[in-house]
Every structure is written in C-alpha cells, then in structure tokens.
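Please read the structure below before turning to the comments.
The values are calculated or read from the model by the stated rules, or taken from the named source; none is laboratory data. Computed from a prediction, not measured in an experiment: that's the story for all the values here. Heads up, the Cβs are rebuilt from the backbone with ideal geometry, glycines too, and the neighbour counts pull from every protein chain shown.
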C-alpha cells in the first residue's frame with residue numbers, strides 16, 4: 001500500500017487548518033450558545049428536541065458548505081497555482097494525489113464535525129443537565145453526516161478534475177439536491193407506463209447517490225433507535241460509491257494535460 | 001479553449017534529442033520556442049500526441065523514473081502556507097525517507113541554497129529569488145541523478161544567479177546530469193557542455209556552445225569619462241552617446257586602438273572596454289531570419 005496518499009492528505013489537512021477553515025466553529029459555537037439560552041427560556045419540554053435538531057442540521061450544513069467549496073478547489077487550486085508541477089515530478093501517481101486530497105479534506109471535515117458534535121453535546125448538557133441513553137443516536141446521525149460528506153467531497157473532487165470551481169459547485173449541488181429525490185425520480189418513471197421512461201428513471205435513480213438514507217436527524221432528535229442494518233448498509237453504500245467516484249476522477253485526471 | 005477539449009496547437013515538431021550521462025545540457029530558445037513544453041512532457045505533466053522519451057533507460061510514464069530525477073518548474077510556486085523547512089520535509093516524505101534522514105537532508109539542502117536563515121519563514125513571505133532557491137532545493141533534496149531546471153536563473157539578482165551557477169557546477173562535479181532551459185546565452189556559455197537550440201518547436205542544432213553560436217566579436221564597447229572642458233575626439237564624435245556623466249561608444253574592433261589613443265591623449269578616464277558578441281536573439285534572427293521565423297511559426301500553428 002502506497003504511503004503517498006497519506007502524506008498528501010496530511011498536507012491538505014495542514015493547509016485547511018492554516019487557511020483558518022476551522023473558524024466556522026466559532027460561528028457554530030455562538031449559534032449553539034444562543035440556541036441553548038433561548039430554548040431554556042421558551043420551551044422547557046421540547047428544548048432537547050430543538051437543540052438536537054438544530055445542532056445536527058447545522059453540523060450537516062456547515063460540513064456540506066465546506067465539503068463543496070473546499071472540495072471543488074482541491075485540484076483546481078493546485079493546477080492554477082502550479083504547485084502540482086513539482087509534486088507530480090516526484091514519484092507520485094495522479095490517483096495517489098487525488099486520493100490524498102480526498103483523504104485530507106475528509107480528515108478536515110471529520111475533525112471539524114467532531115468538534116461541532118462536542119459543541120452540541122455541551123449545549124444539550126446545558127439545557128437538560130443530563131445525557132440520556134437514547135442520545136447515542138446522535139452519534140449515529142453524526143456518523144451518517146460524515147458518510148454523506150465523504151460522498152459530496154468525492155463528487156466535488158470528480159467534477160473539479162475537468163471543470164471550473166463554479167461549474168463544479170453547481171454540478172455537485174445539483175447532484176446533492178437530486179440525490180435527495182432519487183426515489184421520487186424512480187416513482188415518476190413508474191407512473192408514466194412507458195417502459196423506456198421507466199428504465200431511464202430507474203437508471204438515473206440508481207446512479208444518483210441516495211442522500212435521503214443518510215438523514216436520521218429527526219429520529220435522533222426523538223431518541224428513536226436506528227436499525228443496525230441501516231448503519232452497515234449506509235457504510236457499504238458510501239464506501240462503494242466513493243470508491244467508484246474516485247476511480248472515475250482518477251481516470252479523467254490521469255489523462256489530463258496540465259496547462 | 002473548449003469545455004471538453006482544448007484546442008490543438010503544435011508546440012513541438014519532430015524533436016529528437018539525446019543527453020549524455022553526467023553532462024550539463026542547455027536547452028536554448030526564445031520565449032515560446034517550446035522549451036517548457038518539452039520539460040512538461042518529460043515530467044508527464046502533459047502528454048505527447050506522438051513519440052516517446054526515456055530517462056536513464058526508463059520510459060517517462062514509469063513512476064519509478066521520478067525517483068531518479070529532480071525538476072524545477074518555470075517561475076515556481078509552492079504551498080505558501082508552509083515554511084521552507086516544511087516544504088522540503090513534505091517533498092522528502094514522498095520519497096519515503098525516515099524522520100531523522102529528512103531532518104538532516106532538509107537542513108543540508110536549505111543551507112546549500114542559502115536559505116538556512118529563512119528555513120522557518122512561511123513561503124508567502126519569500127521573494128521571487130528565494131522561491132527560486134527553495135525550488136532548486138526541492139529538486140535536489142532526494143539526490144537525483146538527473147536534474148531538469150526550467151529557467152533556473154530567471155528572477156534572480158546577480159548574486160543569486162551566481163549561486164545557481166555554482167550549484168549547477170557542483171552537481172556536475174558530483175557526476176549528475178543537468179538539463180536546463182534558458183533564453184540567456186551567457187548562462188549557457190558559462191555552464192554547458194552542450195546546448196540544443198529550439199526555435200518554433202523545432203530543434204535547430206545541438207553541439208558545444210562555441211560550435212553552435214558564433215562567438216565572433218562584432219563590435220567593441222568603450223565606456224569612458226571626459227575631463228572637464230575636453231571635447232570628444234573626432235573618431236568618437238558621432239559614435240559616442242552620453243549616459244549620465246559617462247560616454248558609451250560602439251565601434252569596430254579595428255578602430256578600437258586608434259580611439260583609445262585619442263582618448264588617452266585627451267586624458268579621458270577609460271572605465272571599460274568590452275567585446276560585444278551576438279546575443280541569442282541576434283543568433284536566431286541570423287539563423288532563421290525574422291520574417292521567415294514568423295512564417296514558420298504561423299505554419300506550425302495552423303497545422
């Protein structure tokens with residue numbers, strides 16, 4: 001196993017930290033503090049529900065914004081600034097570079113997400129002075145958010161291998177939104193009674209990442225248990241999908257002439 | 001430029017070149033001749049539409065070849081959030097060196113390029129010359145056998161240029177092969193065993209610098225100061241131009257001694273006498289002719 005992706009990943013993580021990417025945590029912390037104080041005032045019964053819902057949604061959105069906006073620049077920036085020239089002259093294969101960049105951003109997102117989760121836990125403890133057994137579901141929800149972020153990062157990276165950051169952002173956002181409706185797209189095909197349309201709709205729905213399965217925020221807020229099957233299914237699904245997208249990105253990027 | 005495909009333009013045409021082990025080879029040519037393109041092809045940053053290349057017997061698309069080479073890109077730019085030390089450490093990691101060896105190498109090579117004092121300064125605060133130096137350090141940090149340098153002297157002050165020349169001399173002394181591109185003839189004259197001249201994507205000639213470019217002196221330049229109240233000697237009357245408090249004159253070699261005599265007789269202070277040789281640009285214009293060159297590049301572009 002090549003050690004190079006790891007070396008590239010650590011440098012990518014270092015870049016994110018030095019570019020003060022983690023400053024978003026301050027905003028998150030302020031938001032959670034504000035929310036904790038406010039819900040304490042207005043709703044004694046449902047304060048936990050509000051805090052968990054708000055916290056998990058914010059973790060997901062903050063992560064998503066970072067994954068897309070940093071993800072689309074990962075390769076582009078290195079090409080534009082030509083830092084890639086000296087790197088690829090070293091014994092580094094292009095796929096190793098891509099996997100390294102992906103790993104680096106995922107590491108950044110993971111650290112960022114875990115820190116936000118600690119913030120959420122602190123806010124939760126502030127409003128209810130206790131942790132419940134059902135709060136373990138929050139961990140699963142955060143884990144699913146991370147899987148979702150891995151998928152989004154891989155897609156952003158893929159698009160950035162052949163298009164500008166603006167287009168890549170639009171493509172990634174488009175796929176993200178469409179991915180939420182992938183089962184609906186299949187449903188639309190079924191109502192047409194046209195076999196060709198049905199087949200196309202089915203193909204599109206299978207091709208799109210199914211993001212809806214990763215969203216368990218509401219279950220976590222209500223303390224509902226998440227079936228173990230869903231956990232491993234989502235894990236395998238995300239791993240396979242990410243692997244395929246990264247392979248496609250490598251195939252595109254390996255043949256690309258660097259201007 | 002298209003969305004999917006970039007427009008095709010022929011940058012190199014039938015380039016066939018062999019560089020010997022242990023030699024310093026200068027790749028000369030005016031801007032836009034295809035020097036950088038050649039180097040990028042060799043680094044597999046871009047891909048040829050046809051043809052092959054090998055470095056130390058290994059095809060250029062073999063990643064193992066990259067263990068044996070070093071490369072300094074043109075106008076290098078590196079991760080500006082890193083310090084010089086961190087940058088070299090990062091690159092050294094890619095070669096799998098252990099931490100103690102990395103530390104030793106990074107310190108040694110920063111010192112070698114004169115950046116020991118700036119080792120812990122972030123690259124965003126580096127001057128162009130310092131970036132060029134750290135670029136050379138990253139190209140040799142793994143002791144490669146073959147080093148490719150794209151315009152290594154560009155952006156350097158005279159002291160920096162000399163230091164780079166010294167580094168190239170040292171690399172040659174150590175038995176390494178250095179292939180560097182430049183459009184400045186004097187660099188090539190001082191350093192190269194052989195040069196190749198590229199014009200409009202075509203190799204126009206390969207050989208020792210003296211053989212290839214006419215080293216004939218076409219004129220002599222005299223720089224002098226006149227004593228107050230003295231008039232210009234008649235032989236220099238029309239040729240000398242005043243720059244600041246000094247005069248500069250260009251004249252044929254066979255008229256030099258007479259002019260010097262006249263200057264001495266009016267007690268002028270002679271600051272320098274310099275033989276003028278053709279520049280690379282002059283050489284190119286002589287070689288292909290300005291108009292012909294333009295026509296050729298048009299032909300190349302439209303093919």
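Miscellaneous remarks
- The residues of region A:4-23 that are more than 7 Å from chain B (Cβ to nearest Cβ) and more than 20 Å from residue A:64 (Cα to Cα), listed by number, are A:5, A:6, A:8, A:10.
- Scanning region B:155-166 for residues that are out of contact with any strand residue (DSSP E or B) (no Cβ under 9 Å at 6 or more places or on another chain) and surrounded by 11 or more Cβ atoms within 10 Å (Cβ to Cβ) returns B:155, B:156, B:157, B:160, B:161, B:162, B:163, B:165, B:166.
- For residue B:49: the one exception among (1) modelled with pLDDT under 90; (2) within 9 Å of chain A (Cβ to nearest Cβ); (3) farther than 24 Å from residue B:168 by Cα: (2)
- Region B:171-186, subset over 11 Å from residue B:27 (Cβ atoms) and in contact (Cβ under 8 Å) with a residue 24 or more places away in the chain, residue farthest from the chain's Cα centre (by Cα): B:175
- Number of positions in region A:23-39 that are surrounded by 15 or more Cβ atoms within 10 Å (Cβ to Cβ) and either in contact with a strand residue (DSSP E or B) (Cβ under 8 Å, 6 or more places away or on another chain) or in contact (Cβ under 8 Å) with a residue 60 or more places away in the chain (or both): 8
- The set of residues from region A:175-193 being closer than 25 Å to residue A:236 by Cβ and either assigned to a helix (DSSP H, G or I) or in contact (Cβ under 8 Å) with a residue 60 or more places away in the chain (or both) comprises A:175, A:176, A:177, A:178, A:179, A:180, A:182, A:183, A:184, A:185, A:186, A:187.
- Taking (1) crowded, with 19+ Cβ neighbours inside 10 Å; (2) more than 13 Å from residue B:84 (Cβ to Cβ) in turn, residue B:123 satisfies each apart from (2).
- Entry remark, region B:54-67: residues being more than 8 Å from chain A (Cβ to nearest Cβ) and crowded, with 19+ Cβ neighbours inside 10 Å number 2 in total.
- Qualifying positions in region A:111-158 - closer than 16 Å to residue A:219 by Cα and not in a helix (DSSP H, G or I): A:132
- Any hit, region B:93-102, residues being farther than 16 Å from residue B:148 by Cβ, part of a loop (DSSP other than H, G, I, E, B), more than 9 Å from chain A (Cβ to nearest Cβ) and modelled with pLDDT of 90 or more: yes
- Only one of B:89, B:21 that is more than 18 Å from the chain's Cα centre (by Cα), in a loop (DSSP other than H, G, I, E, B) and touching a residue at least 12 places away in the same chain (Cβ under 8 Å): B:21
- Of all residues making up region B:73-86, the number that are within 9 Å of chain A (Cβ to nearest Cβ) and within 28 Å of residue B:35 (Cα to Cα): 8
- Spans of helices (runs of 4 or more DSSP H) in region B:157-267 with at least 3 residues modelled with pLDDT of 85 or more and in contact with a helix residue (DSSP H, G or I) (Cβ under 7 Å, 6 or more places away or on another chain): B:158-173, B:256-265
- Residue match in region A:205-216 (condition: without any contact (Cβ under 8 Å) to a residue 24 or more places away in the chain and buried (at least 18 other Cβ atoms within 10 Å of the Cβ)): yes
- Checking B:70, B:34 one by one, the residue that is within 14 Å of chain A (Cβ to nearest Cβ), closer than 28 Å to residue A:161 by Cβ and under 18 Å from the mean Cα position of the chain (by Cα) is B:70 and no other.
- Only one of the listed residues (A:55, A:63, A:100) is in a helix (DSSP H, G or I) and under 30 Å from residue B:43 (Cβ atoms). That residue is A:100.
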